[in-house]
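Chemist: Once you've had a glance at the structure underneath, I'll fire off some questions.
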Amino acid sequence: MWHHANANGIGTAIGDASTATGGNATATGNNATATGPSSTATGDSSTATGDSSTATGSSAHATGTRSTATGYLSTASGDFATATGTTSNATGTNSTAYGARAAAGDSFISSVFRNAGTTAIGVDSQAGSSGAGQTNATALGYQAIANAANATALGSGATATGDNSTASGVGSTATGAHASAYGQDSTASGSGSTATGSSSKATGNFSTATGNASAASGTAASAYGLNSTASADSATAVGQGSVASAVGATALGSTAQATAAGAVAVGQNSAATGVNAIAIGNGAVATGSVAVGASASAANGGAAFGDGAVATGVLATALGPNSQALAANSVAIGSGSVATLANTVSFGTGGNERRLTNVAAGINPTDAVNMSQLSGLTSGFQSQISGLQSQILDNRTEARRGIAAAVASSSAPMPSAPGKTTWQMRGSVFHGEGGFGFGFAHRLNTAVPLSVVGGYGNGGGVEHTAYVGLGGEF
């Protein structure tokens with residue numbers, strides 16, 4: 001036993017002013033103290049006061065039951081705590097601090113929190129060291145900090161200060177409750193947020209940012225891809241450089257942009273800039289409208305479907321590659337079709353007209369008619385025209401025959417004496433129609449010469465003429 005050493009007969013004290021008063025205690029080193037049963041203090045001024053505690057190193061302190069302190073000025077004050085490293089500090093029950101100035105359960109200047117189940121591994125690492133209630137925190141890495149309940153910080157400079165948060169990666173930060181940050185300099189500050197990738201940022205509650213330099217700042221926003229940005233509530237941006245900057249907007253594709261509420265842009269360089277606009281296809285652009293197809297473009301509530309389709313007229317519709325509906329309420333249907341007049345439907349363009357096939361027969365006054373209906377209508381017209389022509393020919397023949405009959409009707413001369421009868425016959429031709437007729441005159445026995453006359457003519461067929469009358473002389 002060294003000079004001035006103190007032991008109670010059961011313990012062992014070795015070193016100047018060393019003390020071993022606990023049962024089976026061992027104190028080794030100048031001013032070493034082992035007062036706990038089965039405790040061990042090794043090193044100048046080391047202290048082991050907890051039951052079965054171990055303090056190893058100059059000024060090491062193990063005061064908790066079965067605690068272990070290893071290193072200069074190390075402190076293990078929590079039950080079953082372990083502190084390893086110069087000035088390391090493990091104060092909470094079952095806490096562990098590994099590394100110079102590592103702190104688990106409390107800070108270096110405090111011993112009131114004693115957060116249980118904390119683990120700090122790495123130089124200047126901290127786990128549950130800034131306030132009460134930061135139990136079960138884990139910090140692993142140089143200057144890693146996990147100061148919240150169930151928080152985990154992994155990596156040099158990683159910081160997890162939200163309850164149940166996780167920061168993994170050099171310089172990563174998770175400050176929101178249940179937040180997760182994975183990747184160098186990643187940040188998850190919103191409640192329930194997740195940031196994955198170098199310099200990724202998920203700052204909105206329940207937001208997700210995945211990809212280097214991705215950013216999701218709106219509530220429930222999602223950004224996936226290098227430099228992608230979802231900056232409004234419920235916005236979604238997927239693809240390198242994609243941007244969804246309005247509530248409920250969705251941008252899918254490299255550099256796709258959806259900048260109005262409810263807008264959807266799908267495809268590389270696509271853009272949906274109007275409320276509820278939809279742009280689908282590489283380079284598609286929709287301004288308050290729908291555009292589907294590579295380089296398709298629609299505005300003013302119009303709709304364009306097909307590569308290169310354009311619908312810029314108000315409420316216009318273009319269907320087909322390179323179709324164009326440029327006037328209000330116009331419709332262009334088919335590849336290359338062009339509609340330039342308002343309220344019209346175009347199925348082609350000058351020199352490239354199209355036929356419509358398989359069209360049902362129209363029923364209502366504003367329905368279109370098909371060729372069958374037109375053919376039937378034409379046939380009826382032709383039949384009527386033929387009938388009219390026939391009637392005209394009949395009327396002409398009848399007229400000509402009547403004229404021929406009239407010309408042929410004969411007038412007999414006055415008889416030379418009473419009781420005498422004269423007659424006469426004639427033939428005639430008028431425009432190819434021949435006529436035949438005769439006439440008579442009978443002189444009456446009167447003082448004044450008077451005769452009864454009559455005649456008949458026929459122009460062919462049923463074309464007859466006749467006359468009767470009186471004749472006289474004075």
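The values are calculated or read from the model by the stated rules, or taken from the named source; none is laboratory data. Given the structure is predicted, the values throughout are model-derived calculations rather than measurements. Positions of Cβ are backbone-derived with ideal geometry, glycine not excepted, and every protein chain shown enters the neighbour counts.
Chemist: Can you find a residue in the stretch 55-62 that is at negative phi and in contact (Cβ under 8 Å) with a residue 40 or more places away in the chain?
Modeler: Within the stretch 55-62, none of the residues are at negative phi and in contact (Cβ under 8 Å) with a residue 40 or more places away in the chain.
Chemist: Pairs please, first residue from the stretch 398-410 and of a type in the set (D, E, K, R), second anywhere and part of a loop (DSSP other than H, G, I, E, B), Cβ atoms under 8 Å, 6+ apart in sequence or on different chains.
Modeler: R400/H431; R400/G432; R401/G461
Chemist: Okay, next question. Scan the stretch 108-158 for residues that are of a type in the set (V, I, T), closer than 21 Å to A60 by Cα and surrounded by fewer than 24 Cβ atoms within 10 Å (Cβ to Cβ) and jot them down.
Modeler: Within the stretch 108-158, I109, V112, I121, V123 meet the criteria.
Chemist: Also: Hey, G105 hits all of (1) modelled with pLDDT of 95 or more; (2) more than 22 Å from S228 (Cβ to Cβ); (3) crowded, with 24+ Cβ neighbours inside 10 Å but one; which does it fall short on?
Modeler: Among (1) modelled with pLDDT of 95 or more; (2) more than 22 Å from S228 (Cβ to Cβ); (3) crowded, with 24+ Cβ neighbours inside 10 Å, G105 violates only (1).
Chemist: Oh, and also: Only one of these conditions is not met by A120: (1) under 50 Å from the mean Cα position of the chain (by Cα); (2) of a type in the set (A, V, I, L, M, F, W, C); (3) outside any strand (DSSP E or B). Which number is it?
Modeler: Status for A120: all satisfied but (3).
Chemist: Still on this structure, please answer the following. Return the only residue of T422, T465 being in contact (Cβ under 8 Å) with a residue 60 or more places away in the chain and part of a strand (DSSP E or B).
Modeler: Being in contact (Cβ under 8 Å) with a residue 60 or more places away in the chain and part of a strand (DSSP E or B) holds for just one of T422, T465, which is T465.
Chemist: Next question. For the stretch 69-101: of the residues being among the hydroxyl-bearing types (S, T, Y) and not in a loop (DSSP other than H, G, I, E, B), which is farthest from A137 (Cα to Cα)?
Modeler: T70
Chemist: Turning to a different aspect of this structure: If the requirement is being touching a Pro at 6+ places or on another chain (Cβ under 8 Å), at pLDDT below 95 and not hydroxyl-bearing (S, T, Y), which of these qualifies: G22, G11?
Modeler: One residue alone meets the criteria, G22.
Chemist: Report whether or not G253 is over 24 Å from S180 (Cα atoms), modelled with pLDDT of 95 or more and crowded, with 24+ Cβ neighbours inside 10 Å.
Modeler: Judged against the criteria, G253 is a match.
Chemist: Given the criterion out of contact with any Gly (no Cβ under 7 Å at 6 or more places or on another chain) and at pLDDT below 95, identify the matching residue among S297, S323, S335.
Modeler: S297
Chemist: Against the conditions (1) touching a strand residue (DSSP E or B) at 6+ places or on another chain (Cβ under 9 Å); (2) farther than 30 Å from G288 by Cβ; (3) of a type in the set (S, T, N, Q), where does S372 fall short? Just the number, please.
Modeler: Unmet for S372, out of (1) touching a strand residue (DSSP E or B) at 6+ places or on another chain (Cβ under 9 Å); (2) farther than 30 Å from G288 by Cβ; (3) of a type in the set (S, T, N, Q): (1).
Chemist: Go through (1) within 30 Å of N395 (Cβ to Cβ); (2) surrounded by 15 or more Cβ atoms within 10 Å (Cβ to Cβ); (3) of a type in the set (A, V, I, L, M, F, W, C) one by one and return the number of the condition V453 breaks.
Modeler: Of (1) within 30 Å of N395 (Cβ to Cβ); (2) surrounded by 15 or more Cβ atoms within 10 Å (Cβ to Cβ); (3) of a type in the set (A, V, I, L, M, F, W, C), only one is false for V453: (1).
Chemist: Can you tell me which of V247, V243 is within 17 Å of the chain's Cα centre (by Cα) and surrounded by fewer than 22 Cβ atoms within 10 Å (Cβ to Cβ)?
Modeler: Unique residue meeting the criteria: V247.
Chemist: From the list A202, A177, A195, A188, pick out the single residue that is within 23 Å of G141 (Cα to Cα), surrounded by fewer than 20 Cβ atoms within 10 Å (Cβ to Cβ) and hydrophobic (A, V, I, L, M, F, W, C).
Modeler: On inspection, the qualifying residue turns out to be A177.
Chemist: Just to check your reading of the model, which residue among V338, V359 is surrounded by 17 or more Cβ atoms within 10 Å (Cβ to Cβ), under 30 Å from P321 (Cα atoms) and within 60 Å of the chain's Cα centre (by Cα)?
Modeler: V338
Chemist: Which residue, of G183, G211, G169, is within 28 Å of the chain's Cα centre (by Cα), small (G, A, S) and surrounded by 24 or more Cβ atoms within 10 Å (Cβ to Cβ)?
Modeler: Within the list G183, G211, G169, the selection yields G211.
Chemist: Examine the stretch 157-166 for a residue that is assigned to a loop (DSSP other than H, G, I, E, B) and over 42 Å from the mean Cα position of the chain (by Cα), and state whether such a residue exists.
Modeler: no
Chemist: Another question, then. Which one of N364, N445, N358, N343 is without any contact (Cβ under 8 Å) to a residue 40 or more places away in the chain, assigned to a loop (DSSP other than H, G, I, E, B), in contact with a Pro (Cβ under 7 Å, 6 or more places away or on another chain) and not acidic (D, E)?
Modeler: N445
Chemist: Yes or no: the stretch 15-27 includes at least one residue that is hydroxyl-bearing (S, T, Y) and closer than 30 Å to A132 by Cα.
Modeler: no
Chemist: State the number of residues belonging to the stretch 271-285 that are surrounded by 21 or more Cβ atoms within 10 Å (Cβ to Cβ) and either in contact (Cβ under 8 Å) with a residue 40 or more places away in the chain or within 11 Å of the chain's Cα centre (by Cα) (or both).
Modeler: Residues meeting the conditions: 6.
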